Every structure is written in structure tokens, then in C-alpha cells.
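Reading through the C-alpha cells given below for one structure.
Laboratory data are not the source of any read-out in this text; all were calculated from the coordinates shown. All values derive from a computational prediction rather than experimental measurement. Note that each Cβ is placed from the backbone with ideal geometry, even for glycine, and that neighbours are counted across all protein chains shown.
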Amino acid sequence: MKKVVYQLDIGDARHRWRGAYDEYTIPSAKKYAKKIGADFITIKEPVDEAKSLRSAYQRSIATKVYLFREFLKTDYEKMLFLDCDVFVRDNAPDIFEYDQHKYHDLLIHRISGGANRHHAEMAKDGLNSEAVQFYNTGVFVTGRYSAERIHQSIVELYQGKPPMPPKHSSQVLVGHLIYESETRVYPLDKIWNCSWNRSGARRRRGGFAFFVHYMGPKGKKALVEDARKMGGITC
């Protein structure tokens with residue numbers, strides 16, 4: 001199977017956690033791709049449709065959504081997507097072959113509880129969406145079948161240019177597109193997209209998570225701390 005790991009790295013180079021990306025999370029993803037026999041591609045420039053968007057955050061969301069289209073232009077069979085604030089542990093097995101993963105085309109971690117309800121409200125208000133389930137898009141795996149369905153929903157609903165409200169997250173938009181395209185999702189376990197603040201997630205020895213996601217402003221602070229401990233970086 002021909003597979004690829006994409007990592008999105010579109011943002012302000014002046015951020016104080018830039019060094020942690022360059023010397024901690026991105027190298028961990030690159031090392032993991034080599035380990036599992038996948039190509040590794042860092043996305044540093046937004047797609048053409050996103051270049052006119054005002055904020056780096058919006059450009060990042062747009063590029064992530066258009067990645068389904070860009071993936072379909074290649075001859076890869078499966079892709080793993082990672083945000084650049086995701087650290088991959090050395091003991092992580094091949095996500096494409098793990099347990100039941102090889103039998104499913106789209107794998108992504110479900111958001112639950114109040115956070116999911118909040119995303120549903122945002123989707124209803126901003127997109128008039130009836131979607132009720134949303135997903136953390138910092139880590140996901142897709143094959144060509146699911147990517148095609150989601151891309152086609154973008155074409156059919158928005159003539160290929162989905163809306164990018166300033167306050168919308170990729171979770172809102174991707175959840176809406178998954179709902180509209182009726183794409184079947186296999187829930188990705190938290191060990192593959194584990195929030196940095198879960199008990200034991202950041203433990204250097206014996207940590208239960210394969211992928212640690214340093215999401216949010218507090219997560220970025222923790223990321224810098226961990227990167228300094230591991231590599232002695234200056235950031």
C-alpha cells in the first residue's frame with residue numbers, strides 16, 4: 001500500500017513555540033513516517049483558494065479542507081494527516097495497520113459532551129448544518145473513497161469554495177462535510193489523538209498515548225516545556 005503522512009505547518013514563524021515545532025513535533029512525525037514506510041510531506045504554503053484569507057488560522061483551516069482534493073491528485077492509497085502540534089512517540093505502531101484500522105477508510109477521533117454540543121451550535125448558526133457529531137481534525141486517516149466523497153460534497157454544496165467564517169474551526173466545517181457527504185467514520189481511539197493534559201499523556205516513559213496533541217494556547221506552553229526538556233531547544 002502506498003501511503004503518505006501530511007503535516008500542516010502554516011502559521012506565523014514568530015510564534016514562541018516555533019522552535020518546538022521545528023525540533024520536537026515535526027521531526028517526530030518525519031521519523032514516524034520513515035518507520036512505517038510512508039512518504040512525508042510538510043505543507044508550508046496554503047492552497048491558492050486560501051491565499052486571500054486574512055488570518056493564518058483561516059488559511060490553515062482552508063488548506064486542511066482542500067487537502068482531500070490535493071490527496072486525490074496523487075497516487076497514494078491512504079494518508080495520515082497531522083497538525084504540527086502533534087508529537088509522535090517512538091513506540092507508535094503503524095496506524096494504517098493497527099487493530100481494525102486496515103478495514104476502514106476514514107478514521108478520526110470523535111468529540112464528545114459539551115464540546116461537541118458547542119460545535120453543533122456553531123455549525124447550525126454558521127452553516128445551517130444539521131450535523132450532530134463532530135471530530136478533532138488534528139489527526140485523521142483517510143483513503144481515496146472517503147476523500148472523494150468529502151471533496152464532492154464541497155463541490156456540490158459550495159461549487160468548490162466552502163465558507164470560511166473567522167470564528168469557525170476545522171472541526172465544525174469537516175464535521176459538516178462528513179455529515180453532508182454521508183461518509184462513514186471509524187472512531188479513532190484517544191491513544192492516537194490524546195490531549196496533552198490527560199493524565200499520563202506527557203509521561204516520557206510508560207505514557208499510554210502514541211500521539212500527543214498539544215492543542216490550544218495552554219497546550220502550546222506545555223509543548224515548549226516538553227521540547228526544552230527533551231532537546232534543550234531555545235524558544
Quiz prompt | Residue with peak Gaussian network fluctuation, the chain [Cα springs, cutoff 10 Å], from Pro217, Pro46, Pro187 | solution = Pro217
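Quick check on the stretch 1-109: take the gyration tensor over C-alpha atoms, sort the square-rooted eigenvalues as a ≥ b ≥ c, and tell me if it's rounded (a/c under 1.5), prolate or oblate. Walk me through the numbers before you get to the answer.
On the way: a/c = 2.21, a/b = 1.30, b/c = 1.70.
Because a/c hits 1.5 or more and a/b fails to exceed b/c, the stretch 1-109 counts as oblate.
Please state the relative contact order of the chain as a whole percent: Cα pairs under 8 Å, 6+ residues apart? Please list the in-between numbers first.
Details: 385 pairs, mean separation 57.5, N = 235.
Relative contact order here is 24 percent.
Which of the three applies to the stretch 3-231, rounded, prolate or oblate, going by the alpha-carbon gyration tensor with a ≥ b ≥ c and a/c under 1.5 meaning rounded?
Details: a/c = 1.44, a/b = 1.31, b/c = 1.09.
Since a/c stays below 1.5, the shape of the stretch 3-231 is classed as rounded.
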Quiz prompt | Neighbour-limited loop hits for GluC sites (Glu not before Pro), the stretch 10-87 (at most 16 other Cβ within 10 Å; DSSP other than H, G, I, E, B) | solution = Glu77
Exercise. Report the extension gain between Glu97 and Glu70 in nm, rounded to one decimal, defined as 0.36 nm multiplied by the number of residues separating them, less their alpha carbon distance.
Key: 7.4 nm
Practice problem: Let me know the shape class of the stretch 1-54, please: from the alpha-carbon gyration tensor, a ≥ b ≥ c as square roots of the eigenvalues, rounded when a/c is under 1.5, otherwise prolate if a/b is greater than b/c, or oblate. | Solution: oblate
Exercise. Would you calculate, for the chain, the mean residue ellipticity at 222 nm contributed by helices, counting each DSSP H stretch of 4 or more residues as -39,500 (n - 2.57) and dividing by all residues, to the nearest 500?
Key: -11500 deg cm²/dmol
Quiz prompt | Summed side-chain charge close to Glu182 - residues other than Glu182 whose Cβ falls under 14 Å, Lys, Arg +1, Asp, Glu -1 | solution = -3
Quiz item: If each residue's Cβ is checked for other Cβ atoms within 10 Å, how do Met122, Met230 rank with the fewest at the top?
Solution: Met230, Met122
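Filter the trypsin sites (Lys or Arg not before Pro) in the stretch 78-174 to those in DSSP coil with at most 10 other Cβ atoms within 10 Å of their Cβ, and list the result.
Values: sites: Lys78, Arg89, Lys102, Arg110, Arg117, Lys124, Arg144, Arg149, Lys167; in loops: Arg89, Lys167.
Those that pass, being in a loop and sparsely packed, are Lys167.
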Quiz item: If we count other beta carbons within 10 Å of each Cβ, what is the order of His213, His119, fewest first?
Solution: His119, His213
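Going by how many other beta carbons lie within 10 Å of each one, how would you line up Leu173, Leu106, fewest first?
On the way: Leu173 26, Leu106 20.
Lowest to highest Cβ neighbour count: Leu106, Leu173.
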Quiz item: Nearest 20 debye, what's the magnitude of the dipole of the chain about its Cα centre given +1 on Lys and Arg Cβ and -1 on Asp and Glu Cβ?
Solution: 980
Exercise. Specify the inter-centroid distance of the stretch 5-47 and the stretch 53-114, based on alpha-carbon positions, in whole Å.
Key: 13
